[in-house]
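Some notes on the structure that comes next.
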Amino acid sequence: MRAIGSSRLLMAASAVVMLFLYLPLLVMVVMSFNAGASVGLPFTGFSLDWYARLFANTQIMHAIGNSLIVAAGTVAISLPLGVMAAVGLDRYEFPGRAIFRRVVLLPLILPGVITGISLMNFYIINGVRLSLATIIFGQGTALVCVSLTEVYARLQQLGRSQYEAAQDLGAGEIACFVRVILPNIRGAVVGAALISASISLDEIAVTYLLTGRQNTLPMVIWSLLRREATPLVNAAGTLMVVATAVLVTAGLRLSRGGEGESGG
Amino acid sequence: MQAKTRRLAAGFPRATFARMSPEMRQKAMWLLPPAAWFVVFLLVPYLITAYYSFGHMQSYRYVPGFSLANYIRIFSTAPYSGAIAQSAVIGLLTAVFSSLAAYPVAMVMAFCITRPAARSAMYVLVILPWWASYLVKAYAWKTILGPHGILNSLLVDLHLIASPMTILLYNQASVVLTLTYIFTPFAILSIYASLERIPASLLEAAEDLGAGGVQIFWRIILPLSVPGLLAGAVITFALGFGDFVAPALLGGADTLMISTIMINLLGVANDRPLASAIGIIIAGLAFLLIGLMDWAERRVTVRL
């Protein structure tokens, strides 16, 4: 592809776009080490002061704890359901299969506030008080599609010969899953768990409407930001970016062997 | 006789389960739990929201009903219908700008980078900003564009402007810029997924027959990338349309978006029926758009 491959204009344009994607994050990371108290320039000197203050802030530390609980709960709900649905979809034809696939993807396609308000109405009608548990059920439902998509893609690659062989040799359905299918899809399962956890740690729209008295980290940062921009948020933001980068790179590597498809 | 009574006593579900073939039982084992979960925690809540949207509030209590008053109010009262139009404009601008920004990067990924390792690295480079915290990304632009932000301090230090500009932030442009920034990686991945499938032989054939880069782009690459381009643009539009984070952090008086109104209705005003009606309208628009995309894709897509 000489004609396209060597186009300088194309290269220059995409370099500018990549710069556009990274510059704001870079600015934030650099400014989180600023000794001064302003979020902007001048950069008065290197300091870990804002990180120290971040870790000394009990409200934020408490929120990080809550976020981790929510992420763990979300994975505990969405992963088993996603794996079951993926196995079912991979193996069986049934009436309503196409509709089922679409319904599962709804929380991903519809703006989060719609899933949020719907679950909020659902809880109110049933007299459930909003708490961390209500957030977990909301996120857990919304994120089933992540596990489903990752695991389904892996199952499709896997084919059915091993499973059929195991069945012919007399393995029951559960033994078959635990000893034949699961070892083969382990990467996708762990990857889906990591990706779901990182989405959960950052989720706002659903969480916003389902939060009771206990706040998650994005909710606390949100309320900090509504008041004023403080360098504290630079430090928190940097840590969040690093955490997601680690979780997602590990997740993608595990579930797709480093090379990705059209995921997002 | 005895067997029959026993079966009746065992209750209907177990009886049905026992009568199933092993294959049916396995099917039920895998599919019933997730299906039941989705009915209870997704479909029922969506239906409740639809039901709520036909009622109204009276002295802080919900009164069920079957009236279209909420919908009529949304479409005929300026703040609501105006916010829907405003959200559509912002969503559209976001979709257009992020597709434009995404295209060259997707092309470089698909055609210029040939080594698999380099391509994986590029893929990770694109996907990382997409996964970085949404809130953090919106906030990053606030620190850049704000009155004490990086851009203003830089321009003042360089003596290009005398005092910080306030027009950079809290308007429609800053919201569109931020949403474009947030959704560009998604658009890149979506377009790349289409470009990746174009066989190299096709492009080489065109080249051998004397087509230049521009001609190859307009007559082969662009038409074949329509599905990815459309899918990316539609989802970007829908997410931009329903966003409430960017307008809350970076928007101003001219950026009243529909999700913001919906959330405010749930807070102080506590008008859940009206908020539910807005939710149903947003969902309806999203479905309409997805249907439209399916239709357009079937019409425009060139089969290889």
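The values are calculated or read from the model by the stated rules, or taken from the named source; none is laboratory data. The structure presented is a predicted model; accordingly, all values stated were derived computationally and were not measured. All Cβ positions, glycine included, derive from the backbone under ideal geometry; neighbour counts span all protein chains shown.
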When (1) under 25 Å from A:Trp222 (Cβ atoms); (2) at pLDDT 90 or above are applied to B:Leu151, the one that fails is (2)
Within the stretch B:167-181, does at least one residue satisfy the condition of being farther than 18 Å from A:Val233 by Cα and over 25 Å from the mean Cα position of the chain (by Cα)?
yes
Only unsatisfied item for A:Gly96, checking (1) more than 23 Å from A:Asp202 (Cα to Cα); (2) at pLDDT 90 or above; (3) surrounded by fewer than 18 Cβ atoms within 10 Å (Cβ to Cβ), is (2)
Just one listed residue, out of B:Ala246, B:Ala233, B:Ala283, is within 16 Å of the chain's Cα centre (by Cα), farther than 15 Å from B:Leu179 by Cα, buried (at least 19 other Cβ atoms within 10 Å of the Cβ) and touching a residue at least 40 places away in the same chain (Cβ under 8 Å), and it is B:Ala283
**Prompt:** Does B:Ala211 satisfy the criteria of being within 27 Å of A:Thr115 (Cα to Cα) and not polar (S, T, N, Q)?
**Reply:** no
> Is it fair to say B:Ser98 is at pLDDT 80 or above, part of a helix (DSSP H, G or I) and more than 7 Å from every other protein chain (Cβ to nearest Cβ)?
Replying inline: yes
Of the listed residues (A:Leu54, A:Leu155, A:Leu79, A:Leu89), the one being in contact with an Asp or Glu (Cβ under 8 Å, 6 or more places away or on another chain) and either farther than 30 Å from B:Met262 by Cβ or basic (Lys, Arg) (or both) is A:Leu155
Of the residues in the stretch A:108-119, those that are more than 7 Å from chain B (Cβ to nearest Cβ) and either more than 17 Å from the chain's Cα centre (by Cα) or crowded, with 24+ Cβ neighbours inside 10 Å (or both) come to A:Gly112, A:Thr115, A:Gly116
Filtering the stretch B:74-91 down to residues that are closer than 17 Å to B:Ile263 by Cα and surrounded by fewer than 14 Cβ atoms within 10 Å (Cβ to Cβ) yields B:Pro79, B:Gly82
Heads up, the helices (runs of 4 or more DSSP H) in the stretch B:166-217 (entirely inside) with at least 2 residues that are among the small types (Gly, Ala, Ser) and buried (at least 24 other Cβ atoms within 10 Å of the Cβ) are B:172-195
Taking B:Ser133, is it farther than 25 Å from B:Trp218 by Cα, buried (at least 24 other Cβ atoms within 10 Å of the Cβ) and polar (S, T, N, Q)? yes
Within the stretch B:136-165, the residues that are more than 23 Å from the chain's Cα centre (by Cα), crowded, with 18+ Cβ neighbours inside 10 Å and of a type in the set (Gly, Ala, Ser) are B:Gly146, B:Gly149, B:Ser153
Matching residues in the stretch A:120-161 (surrounded by 15 or more Cβ atoms within 10 Å (Cβ to Cβ) and in a helix (DSSP H, G or I)) number 29
Quick count over the stretch A:193-228, residues being of a type outside the set (Gly, Ala, Ser) and not in a helix (DSSP H, G or I), is 8
Of (1) within 30 Å of B:Ala200 (Cα to Cα); (2) in contact with a helix residue (DSSP H, G or I) (Cβ under 7 Å, 6 or more places away or on another chain), B:Lys142 satisfies every one except (1)
Taking the stretch B:135-178 and keeping only residues that are within 12 Å of chain A (Cβ to nearest Cβ) and small (Gly, Ala, Ser), one is left with B:Ala138, B:Ala140, B:Gly146, B:Gly149, B:Ser153
For B:Thr114, the lone unmet condition from (1) within 9 Å of chain A (Cβ to nearest Cβ); (2) in contact (Cβ under 8 Å) with a residue 12 or more places away in the chain; (3) part of a loop (DSSP other than H, G, I, E, B) is (2)
Expected single match for aromatic (Phe, Trp, Tyr) and modelled with pLDDT under 85 among B:Phe17, B:Phe41 is B:Phe17
Flagged in the stretch B:254-272 as surrounded by fewer than 24 Cβ atoms within 10 Å (Cβ to Cβ) and in contact (Cβ under 8 Å) with a residue 24 or more places away in the chain, in numbering order, are B:Asp254, B:Thr255, B:Leu256, B:Thr260, B:Ile261, B:Asn270, B:Asp271, B:Arg272
Checked pairs for the stretch B:206-218, first at positive phi, second among the charged types (D, E, K, R), C-beta under 7 Å and 6 or more apart or across chains, list as none
Condition set hydroxyl-bearing (Ser, Thr, Tyr) and in contact with a helix residue (DSSP H, G or I) (Cβ under 9 Å, 6 or more places away or on another chain), scope the stretch A:152-188, selection modelled with the highest pLDDT: answer is A:Tyr152
Flagged in the stretch A:87-96 as touching a helix residue (DSSP H, G or I) at 6+ places or on another chain (Cβ under 6 Å) and either more than 9 Å from chain B (Cβ to nearest Cβ) or at positive phi (or both), in numbering order, are A:Asp90
Within the stretch A:71-82, the residues that are among the β-branched types (Val, Ile, Thr) and within 9 Å of chain B (Cβ to nearest Cβ) are A:Ile77
Yes/no for A:Ala52 being at pLDDT 85 or above, touching a helix residue (DSSP H, G or I) at 6+ places or on another chain (Cβ under 8 Å) and small (Gly, Ala, Ser): no
>> Can you find a residue that is of a type in the set (A, V, I, L, M, F, W, C) and touching a Cys at 6+ places or on another chain (Cβ under 6 Å) anywhere in the stretch A:83-104?
In response: yes
Scanning the stretch B:179-212 for residues that are among the polar types (S, T, N, Q) and either touching a Ser or Thr at 6+ places or on another chain (Cβ under 6 Å) or more than 9 Å from chain A (Cβ to nearest Cβ) (or both) gives B:Thr180, B:Thr184, B:Ser194, B:Ser201
Flagged pairs (Cβ under 8 angstrom, 6 or more apart or on separate chains; first in the stretch B:24-48, closer than 17 Å to A:Gly96 by Cβ and more than 7 Å from chain A (Cβ to nearest Cβ); second aromatic (Phe, Trp, Tyr) and surrounded by fewer than 16 Cβ atoms within 10 Å (Cβ to Cβ)) are B:Ala28/B:Phe17
